[in-house]
Amino acid sequence: MINVSTLIGQPAVCLDDAALKGTVKGVRFQRNRIVALDVGRKTLIPAGAVRSFAGDAITYDQSPSDIDPDLWHGDPIGKRLLSDTGDELGTITEIGVDDDGTVVSVISNRNQTYTGEQLLAIGSYAAILALNVLPPPAPIA
Amino acid sequence: MTMTALMRGSDLRSHPVVDMSTGEDIAEVRDVVFDVAAGRITGFTLNKRGGLFSGRLRAVLPTGEVHSVGTDAVMVASSDALISRGDAPDDLTGSSKNDDVIGNIVVTESGRVLGNVRDVVLTGGGQPAVVGFEIDGGNFGAGLVPMDRQRGVSGTALIVPDDYEQRIRADLTGLAAELANLER
């Protein structure tokens, strides 16, 4: 697992030409998944092209991007947290992400931890959390 | 459990309308439109986002398209919740009903003037409703009264039972307790 605060600023290396393309400037989310990374000035890396999100650098395969250009992108740390009931929940202090880019936790400045399943969207105004989502059932041994 | 806080109608003005699917603020509340006699909020007229001079939106937001009214925002499932004024029901695009209530005199059946309506009080959540009024200018100063059991409402007056003098409360917490008593 990796924290988004660590992901921002990581170097990004394209495996096709072994070139350092820049550092991660922003993250694009669709619901509770990272769908792309913004690197340097112009490089957009689809999440599917990334070998792993859990390393010290982002390594990726050159891949065409069909990412929605209207998706908000940036650093979500510090963003307003809003519940699906319309009440403020504080601001984001950290987002934990799995190796494949799936959000597993959202932590607020009010010391509350929310599951990735509760994350509905991250946009320019706020990150939206569903308060009535139950955690997944524990696996049966 | 979902919180359904009490709030004043005036508190909702300038509330952002937020699309839950994108996290974007797509409008802000200009005014609350409601049918006081029915105790029902019919919807919201809207302004564009961006401050005092951002201007009115042609679209409106019917209550049926609202996911939740909260203390900080009005939530919708998507931007499709906003509909053009031409497609909106008449009770949303007609003259704003709350203009018929604000300033109304509040008088008991036996003729005692309790004050004038200054604001309405609503419950939020998934089914927002009018539950009371804030009154002032009467014999008791400013206060909050529950809406239940009013005897009549018109464009100029609100008639309440004689015992409503005892039901005036100083704040929303007191009004919430009074409403809970009325439900028993």
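The values are calculated or read from the model by the stated rules, or taken from the named source; none is laboratory data. Here the structure is a predicted model, which is why all the values come from computation and not from measurement. Here the Cβ positions follow ideal geometry from the backbone for every residue, glycine too, while neighbour counts run over all protein chains shown.
Data for the structure
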read-out	value
Members of segment A:9-24 that are farther than 11 Å from A:Ile58 by Cβ and in contact with a strand residue (DSSP E or B) (Cβ under 6 Å, 6 or more places away or on another chain)	none
Neighbours by Cβ (under 8 Å, 6+ apart or cross-chain): first from segment A:83-103, over 24 Å from A:Met1 (Cα atoms) and modelled with pLDDT under 95; second in a loop (DSSP other than H, G, I, E, B) and basic (Lys, Arg)	none
Elements of type strands (runs of 3 or more DSSP E) contained in segment B:54-169, each with 2 or more residues being under 14 Å from the mean Cα position of the chain (by Cα) and modelled with pLDDT under 85	B:143-146
Residue among A:Phe29, A:Phe53 that alone is within 15 Å of the chain's Cα centre (by Cα), in a loop (DSSP other than H, G, I, E, B) and hydrophobic (A, V, I, L, M, F, W, C)	A:Phe53
Residue check for B:Val76: crowded, with 21+ Cβ neighbours inside 10 Å, under 23 Å from A:Gly123 (Cα atoms) and within 14 Å of chain A (Cβ to nearest Cβ)	yes
Hits in segment A:70-83 (condition: surrounded by fewer than 22 Cβ atoms within 10 Å (Cβ to Cβ) and either in a strand (DSSP E or B) or of a type in the set (Asp, Glu) (or both))	A:Asp70, A:His73, A:Gly74, A:Asp75, A:Arg80
Considering residues of segment A:79-107 that are under 16 Å from the mean Cα position of the chain (by Cα) and within 14 Å of chain B (Cβ to nearest Cβ) only, the residue farthest from A:Phe29 (Cα to Cα)	A:Thr91
